Every structure is written in C-alpha cells, then in structure tokens.
Amino acid sequence: MDWEIGRMTEAGARVNPETAVTLSAYFACLRAISEDIAKLPFIVYRRLHPRGKERAHDHPVYPLLHDAPSDDMSAMAFRETLTAHAMGWGGGFAEIARTPRGVPTGMYPIHPSRVSIGRDDAGRLNYTIRTEDIAGKDVVLRSDQVFHIHGLGIDGISGYSLSVVGKEAIGLGLAAEGFGARFFRNDARPGGVLQHPGQLGDEAVKHLRDSWAAMHSGVEQSHTPAILEEGMEWATTGIPPEEAQFLETRQFQVEEIARWFRMPPHKIQHLLRATFSNIEAQNIEYVGDTLQPWAVRWEQEAKRKLFLPGETDYFAEHLFKGLLRGDQNQRVAFYNGMFNIGAMSQNDIREAENENPVDEGDVYYIRREMQPAEFAAKGDPEPPAEPAQVEPDEEPDKTEADERIQASYLPLFKEAAERLVTKETKAALRAAKKYAGDAGGFAEWAESFFQEHEGYVVQALVPPVVSCALLMGHMGVGMDMRVGGFAQTYINESLMGLRIAFGAGTVLDWASARTNEVPARVADELMRMVMGSKEETDAAAET
C-alpha cells in the first residue's frame, strides 16, 4: 500500500501510520509500550557453568544495547523508535554495522516506509532499502545486516501494522473527533436549513449562505442574534450529539484502541472501570501480557543477529524488577522472608533497592539465632537442645527443620492475611456509609467487590504458601489449586458475614473483629494446608 496516502475507512477518515498517531488513544498506547520497553535495562550476560550468570560488561554488544547503539541516539531513543515502528508500521528496522570480523559496532534505524522484504535467487531473506541518493539505486542488505523487530504477522517474517488492521477502529475515532471539532466550530449547534416562502435565484442563495455562515459559524460568533427577513424560518436538521451518543462513542473507541494493543485502559488514563482493587493486578498483567512479548522479541533478535556463532554462552535480557516492585510493605515482607531462609543477603536486598553494599553484607543467614547458613549446613556448633518429651498418647513432634520453617512463615502468612483484611474492612466501611439505608445497593456492591477480591486473595497467598511448601521438602504441586479453594471459602464466609453485619447495623463491629481475629486464623489454616500437603507427599513417596 502507499503509506503516505493510507486507506479510506467506512467512517470517512483516511488512515495511515502518520494520521493514526493524531488519535490520542492510539498515540498513548504506542507511546506507553514503546517507552516502557525502552526504559527497561537491557543487559548482556555471560552464562556461568554449571549455573548462574554474570554481566558481560566487556562484551562489545553491551554498550550498544545498554548505552547507545551509535553516536546519533541513546539506547532508549533507539529501542522506543524501533518498537513504535514495529507496532505502527508492522516492522522496526536498523542496519547493523560490523567490523571485518563480524563484530557489531553500531545500529542505525531505517524508516519502515523505505524497506521491502524479499528473497534472493537462492531463497535467502534480504531487505531492499529505497535510497534517496543521486544515483537513485536501491540497496539490498542481507538478513544478518538488519536488526528487525516485528509483532504478529501472517508469515513469521513481517508483522501486521496496527494502523492497517485496526484502520476502521482508528477511523471511527478520528471521525468522532472531527465531528466534535466541527460541532464546536459551528457554535455547538446542530445543522439546519433556512426556509424562504418565495423563490430565490442562484445569486441570492449564494449570498444568503455566505452571509449566514459569516455571521453564525465558529465559537467567536457564539450567541450572535439572527435576523430573519422576508418571512424566512430556521429548521434544525442535524442530530444532537446526545442522540448520536457522541460521548459514549468516544469512550468506547478508547477501549477499542486499547484492545488492539492489549493495553489495560487505565494505562492510557481511561479510568472509567478502574478501581483500587484491580489496578495492581492489571499492572502485573500489563507487564506479563503486553510488555513481555515485545521484550522476548528484542532478546531473541539480539541473540540471532548480534552475537557471533561461537558465543553460545552470551545472551541479552531485560530487567523487569523495577516494573514489578510492590509497595513498601510488600517489599519489606518479601525481603524479610527471603533473608530469613538464606535466599538473600543484606547486600542482595540493598542492590534490589538501588543502594550501595555494606561491609560484611554478603553473608547468608537462616533463622535460629540468625546463624550463618554454612554453619547450619555443617551442623549446629552449639550443643544440641534436649529433645522434647513426648507423651505416649500425643502425636510425635515435627522435625526441627519443619519447626524452623513454620516459625519463619507463620508471620509471613499472618502479614499477608492482614493486608487482605485491611483492604476488605476499609472498603466495607466506606460502602456501608455510602449505601446507608440501601440494602440492595450494598448487596450489589459487596458481590462485585468480593468477586474481584478473590483474585487478589489468591495473588497474595500463593507465593508464600508455595515457597513454604518447597522448603518443607516437596514440590508444592497443586498448592495453587489448594489456595484457590481456600480463597473461595474465605470469600464466601466473608461476604456472608458482611451481609449479616450490614443488615444488623454492625459493620464497624464486624470490621474490628476481623482485624483482631482473622489474620492469625488464616495463617494457622494455611500452615495446616502446607503440612497436610507434605504428609500426603511423604506418604506417596513411601508407597
């Protein structure tokens, strides 16, 4: 297709990659994804054996991806440009400059309108670049000379241009925007006709039209009195915007454009259906469902085109930690759990929080007097404690290791439950005040809130429960399903209790009781769930 002309849509708007960006929702999606991908640190790693990795600062590709691909632009400008081209035009292209040995030394973007993809006589992929030099000859580049980013496409070689496949949605948005502009240009009044009782000649009609437009078109002419002579009358013929559902159309088009980009609407400031309870989950979905596919495309293309055939231990990878950071309380709980099981050191935590290391901060500890992990692995240097006496009719004590793990994780379970209860009680108290005297409205709100809240419960409880199960010595298989079942029971009981409290006018007492009692009870039930799963795993192993 001719990119400059574009395609005419049924709504009457011509759409191409350049006109599409004038639609605010389209530009917002394009900008958000491009910038979020580009701002992620893009690191070159060296794989260690038998496991692990380290940053390969000395590799020539490292500065190209992390700092600047050329003297013309930064790495962020380069990556957001190619990502935007890939979405809007169907492909983002850059020529790779190399040394005689094939080592990449720079990358230079090429506008997609100048690129055609084809194959040579041997069937090898190549790229024809339309040049604008005096000779006017096209330049043909081999596949290894072009860094090519694209999304979903029909052949796996090139991607769909969202401005082409989504042209009708974009065209409708542009048409609605144009309608609104014309509406206000005409003094925010619908169109109409002037009726004259007699017969007017061509000159009289032209004069009347021009003089009427000059007096009454545009915001500057708002509320100018109209003088009708010779028995003329004004009759409205246009459809008022409210009857054409103008505002609803514009709101729907924002969601429609977001759907093409797989973009949560709140990321482009469309907060019509956003709530505090679902935005956090939508942010995580945005990273996993929207950004990660583009990050993988970048990483795989870098592996294919920028590393030499013998460099199998080198690869490039994005750091998503910054986008997945929770609030301060969530991070403290996570670091506390990881530190107590010896998975993170003080300096690991400080590095994750972008702080400098401290002396002797690389020691890993576990619970029980916070001893170094290597001591625990070799055996306790202290004399072992006397074993607890077991009464004949009592169940045998759990192993010492299980007791340590339980002691570490019960506070984490309780803290996660406290976050859930705090969220529920605050929302319930606000709703009780809002729907005072409206039992039907409150019941509808409660049903909607707890339906959304169930996902939040699972999201908050699965990580610590699965982690605890793994430390208990089994693989934690099916623990997410067990937590899901627990969440359903928890939600049903909470919803029933709140309905009863609202009917009795005791929502405040309900909230107070939950705050004091529920977190500890939930923590105990989760620990029993983990221990029950461990016993099943042990029994299966014995058989």
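The values are calculated or read from the model by the stated rules, or taken from the named source; none is laboratory data. Computed from a prediction, not measured in an experiment: that's the story for all the values here. Reconstructed Cβ throughout: ideal geometry from the backbone, glycine too, with neighbour counts over all protein chains shown.
Can you report the number of residues in segment 123-175 which are over 19 Å from P112 (Cβ atoms), hydrophobic (A, V, I, L, M, F, W, C) and buried (at least 21 other Cβ atoms within 10 Å of the Cβ)?
Residues flagged as over 19 Å from P112 (Cβ atoms), hydrophobic (A, V, I, L, M, F, W, C) and buried (at least 21 other Cβ atoms within 10 Å of the Cβ) within segment 123-175 amount to 3.
Out of all the residues in segment 94-115, which are within 26 Å of Y314 (Cα to Cα), of a type outside the set (G, A, S) and assigned to a loop (DSSP other than H, G, I, E, B)?
T99, P100, R101, V103, listed by residue number.
So which residues in segment 189-220 are at pLDDT below 65 and part of a helix (DSSP H, G or I)?
Of everything in segment 189-220, those that are at pLDDT below 65 and part of a helix (DSSP H, G or I) turn out to be M215, H216, V219, E220.
Return the pair list, or none, for Cβ contacts closer than 6 Å from residues in segment 491-520 that are assigned by TED's automatic domain parsing to the domain that holds P411 and farther than 22 Å from E415 by Cβ to residues that are of a type outside the set (A, V, I, L, M) and part of a helix (DSSP H, G or I), at least 6 apart or on different chains.
Cβ pairs passing all conditions: L495/F450; A501/W510; F502/F442.
For segment 26-80, name all the residues that are part of a loop (DSSP other than H, G, I, E, B), within 30 Å of L162 (Cβ to Cβ) and in contact (Cβ under 8 Å) with a residue 40 or more places away in the chain.
L40, P41 - these are the residues of segment 26-80 that are part of a loop (DSSP other than H, G, I, E, B), within 30 Å of L162 (Cβ to Cβ) and in contact (Cβ under 8 Å) with a residue 40 or more places away in the chain.
Taking G118 and the conditions (1) surrounded by 14 or more Cβ atoms within 10 Å (Cβ to Cβ); (2) part of a strand (DSSP E or B), which numbered condition does it fall short on, given that it satisfies the others?
(1)
From the residues in segment 471-496 that are hydrophobic (A, V, I, L, M, F, W, C) and modelled with pLDDT of 75 or more, which one is surrounded by the fewest Cβ atoms within 10 Å (Cβ to Cβ)?
Across segment 471-496, the extreme among qualifying residues is M481.
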